[in-house]
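Enquirer: First, the structure itself, so that you have it in front of you.
The values are calculated or read from the model by the stated rules, or taken from the named source; none is laboratory data. All figures in this text were calculated on a predicted structure; none of them were measured in a lab. Quick reminder, even Gly has a Cβ in these numbers, built from the backbone with ideal geometry, and neighbours come from all protein chains shown.
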Amino acid sequence: MNFKLTLSLIGICILLAAGYVLYDSLAVFHPERTAPKTSAPHERAFYTISIDDMVSFEAFYQEESTKFIKNDMGVWQFSDEPYMTLDIDRWGGSKYILGGPWAERELSESGFKLNNLAEYGFDEPDIRVNIELTNDRMFKFVIGGDTPDGKFQYCHIEGYDDLYLIAKEWGDFISRFVTIPPYPKWALKMDSANIVGLRAYEYDNSKERNAVFALSKKDTEWSSINPLNGEVGDSVTNIPYFYPFISRSPNIVVKDGKPLENDYTPWGITNESRVIEVLEEDTTYFDSSYVSTIKYHIGNRSKDGKYYYSRPQVSGTGIPQLNDPLIMLDSDWVDEIFSDFHFGLTEK
């Protein structure tokens, strides 16, 4: 083949390749190229927000509201309660869902203009959401009335005339942040009927962990158990007497939202600290049952003697708790659990 012809063909191929790359790079700005692929042609994103851009989230439901903020350490917490972090089981996946739900349909595609707010329930909406973003940006949307079939709700982004249909479950999901705020489990008083286990551990002089006691409930019967092999021991009959006591430590104080580099040693909390575990039967948002464990690592007593420093950890659904706060537990509550009567294993 002629050498010049070969060079010409190579040049043409290079130009074609460069042209395709340029077209493809510019196409990211083309709405038809960037539209998400969905299972139905009329579905599309209601909105899209990067979770890294979210600074605060505030939900209004009827007359109540709840607001969460991301603090300087990147940890989400309640805005009006210093260091009160959010339940990772509830918030861990929710922040991604809040990044942008799917809309069933954008009614404005057919030339619709939102003029009559009352017609779609936007004059007095039950649900409003404000999401603060970086660089002092604010994104707001409202959820109005139900569609005639009751399966969807009308949604509207503030500042635009667009009208969307969102699955009714989305509105329920938002309202739960207000009706059932995502407090961590250690901050809530447990339902005594859901408590299924109680354990206390301490370390001896040889730094071996020993169980002070371990109790477990099966059906309605409480028994002592061997924490090493799970072997069931003697029946324990008077645990119900202590339900109000073990449901939650009174007077919990949140001392720090997240100690620097997760170092709790200044408060006497190490891998060899005493531990209290309370097991609770619970259900997920989708009604799947599981057992969660609230584990309190016990540190030093406070100077006034009223509290013990503690690191709470919650496990159960498989979502790791990465931001354990430093809290203070009532010292009488801790001392009573580690006392020698062990909840009826011996007489008080």
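Enquirer: Restricting attention to the stretch 263-280, does a residue exist that is part of a helix (DSSP H, G or I), hydroxyl-bearing (Ser, Thr, Tyr) and either within 22 Å of Trp333 (Cα to Cα) or at pLDDT 90 or above (or both)?
Expert: The answer is yes; a qualifying residue exists.
Enquirer: Anything in the stretch 24-50 that is at pLDDT 80 or above and loosely packed, with under 13 Cβ neighbours inside 10 Å? List them, or say none.
Expert: Thr48, Ser50
Enquirer: For the subset of the stretch 126-182 comprising residues that are in a loop (DSSP other than H, G, I, E, B) and among the small types (Gly, Ala, Ser), which member is surrounded by the fewest Cβ atoms within 10 Å (Cβ to Cβ)?
Expert: Filtering the stretch 126-182 for residues that are in a loop (DSSP other than H, G, I, E, B) and among the small types (Gly, Ala, Ser), the one surrounded by the fewest Cβ atoms within 10 Å (Cβ to Cβ) comes out as Gly150.
Enquirer: For the stretch 76-84, check the following and say yes or no: at least one residue is in a strand (DSSP E or B) and among the acidic types (Asp, Glu).
Expert: no
Enquirer: Also, I was wondering about something else. For the structure I just gave you, tell me whether Ala167 is outside the structural domain of Lys140 (by TED's automatic domain parsing) and among the small types (Gly, Ala, Ser).
Expert: Taking the combined requirement at face value, the residue does not satisfy it.
Enquirer: Could you go through the stretch 184-204 and let me know if any residue there is within 20 Å of Leu86 (Cα to Cα), within 28 Å of the chain's Cα centre (by Cα) and at pLDDT below 80.
Expert: no
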